[in-house]
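Below is one structure, written out as structure tokens, with a few remarks after it.
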Amino acid sequence: MENLLEIKNLVVEYKNINNNTESVLRAVDNVSFCIKSGEIYALAGESGCGKSTLSKAVTKLVKPLSGDILYKGKSIFKQSKQEKKEYPAKVQMVFQNPYSSLNPKMKILDTLKEPLDINTKFSKNRKMAVIKQVLEEVGLMEDCLHLYPHQFSGGQRQRIAIARALILNPKLLIADEPVSALDASIQAQIINLLRDLRQQRELAILFISHDLNVIRYIADRVGIMYCGKLIEENVTSSIFNFPHQEYTRTLLNSAPSL
Ligand SMILES: Nc1ncnc2c1ncn2[C@@H]1O[C@H](COP(=O)(O)OP(=O)(O)OP(=O)(O)O)[C@@H](O)[C@H]1O
Ligand SMILES: [Mg+2]
């Protein structure tokens, strides 16, 4: 399998100004790893270790100080005009709280149609066909199209958010704590949905979670972050059975009922 995404010596810093003194926080510190097409790569590590910052760098929401991010072998900071336009469609995000990531004033139909209106010249019929297909993939009925986000349960809302993320046919989905706000039975459904989507679409997923049980179930490989650094990475079974770093062992020991 080819590398879809390569992160090379990435450094991201935040500058904070407090009482006229400027301080610099290195949120991502010289991180390198790759994600292959169709692979589920999980990032774990305690709160504040830089997981979300790293994903924001991949989606260009924050600018790294140094290092590089390659998508299909090419730096995302050296893209042609056309590649720049296409990149956001290829790398999509799903967040922890589906209620705040969906526009409460938009019907589901419009929520799903908007990315197609902005990014494609598809005919009305083709747009509807894409919307219906994606809805089916995420396990929702067509009659939900005329409802608003508040009319759904948390799990259904996360399905809608996933549908919107899929509508432009991405190659990489970044899921930042996608099930943390859901109760256990619904978590399992959404996790299985992501696994199915990976299978059917050969979708790569960067899966960010503090829940090691979920990671063990879904991920092919796992990277452990600590204070901005990627301190260990391996295939999932090796991380869980033969952790190399003391911190990884501590993290595994602190997880409930592994
Ligand atoms: N916009 C920002 N400005 C300044 N500092 C920030 C900003 N965003 C994050 N940070 C800091 O950068 C560090 C990494 O934050 P980040 O959100 O990437 O961590 P995380 O691993 O995603 O944590 P969590 O598991 O709680 O979501 C933290 O110390 C955080 O306080
Ligand atoms: Mg985070």
Handout entry: Whichever aspartates and glutamates have a C-alpha closer than 19 Å to that of residue 72, once near sequence neighbours (fewer than 8 apart) are set aside
Key = 2, 6, 39, 83, 86, 202
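Could you tell me the calculated FRET efficiency between residue 22 and residue 238, based on Cβ-Cβ distance and R0 = 41 angstrom, to the nearest 0.05?
0.45
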Fill in the blank from the handout: With only helices counted (DSSP H, runs n ≥ 4, each -39500 (n - 2.57)), the per-residue ellipticity at 222 nm for the chain, to the nearest 500, works out to -11500 deg cm²/dmol
Problem - Neighbour-count order for 143, 117, fewest beta carbons within 10 angstrom listed first - result: 143, 117
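So how strong a dipole does the chain carry about its Cα centre when Lys and Arg Cβ are +1 and Asp and Glu Cβ are -1, to the nearest 20 debye? Could you put the intermediate results ahead of the total?
Working: 34 positive and 27 negative charges, 211 e Å.
Magnitude of the dipole: close to 1020 debye.
Which trypsin sites (Lys or Arg not before Pro) in the range 1-84 pass both tests, a DSSP loop state and at most 13 other beta-carbon atoms within 10 Å?
Here the sparse-neighbourhood loop sites are 78.
Counting GluC sites (Glu not before Pro) as exposed when in a DSSP loop with at most 15 other beta carbons within 10 Å, what is the longest stretch of the chain free of them? Walk me through the intermediate numbers first.
Working: sites that count: 2, 46, 202.
Looking at the chain, 47-201 is the longest stretch - no exposed GluC sites (Glu not before Pro) with at most 15 other Cβ atoms within 10 Å.
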Practice task
Past 32 Å, Cα to Cα, is the threshold; run 127/229; 90/124; 113/229; 8/81; 8/124; 63/124 against it and keep the listed order.
Solution key: 127/229; 113/229; 8/124; 63/124
Problem - Cα principal axis extents for the chain, largest first, Å - result: 54, 47, 46
Exercise for the section: Measure nothing but the geometry: give the 0 to 90° angle between the long axis through the Cα atoms of 184-201 and the longest principal axis through the Cα atoms of the chain, rounded to 10°. Expected result: 80
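Fewest Cβ neighbours within 10 Å first, please rank 68, 183 accordingly.
Numbers: 68 15, 183 11.
So the ranking, lowest neighbour count to highest, is 183, 68.
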Handout entry: Using distinct alpha-carbon pairs, which all enter the 1/r mean, Kirkwood radius of the range 1-82 in Å
Key = 13.8
Practice task
Mind pulling the angle between the C-alpha long axis of helix 108-119 and the longest principal axis of the chain? Nearest 10 degrees, somewhere in 0 to 90.
Solution key: 70
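Read-outs throughout are calculated quantities, based only on the coordinates presented, and are distinct from any laboratory measurement. Everything numeric here is computed off the predicted structure, so don't read it as measured data. No Cβ is skipped: glycine too gets one built from the backbone with ideal geometry, and neighbour counts run over all protein chains shown.
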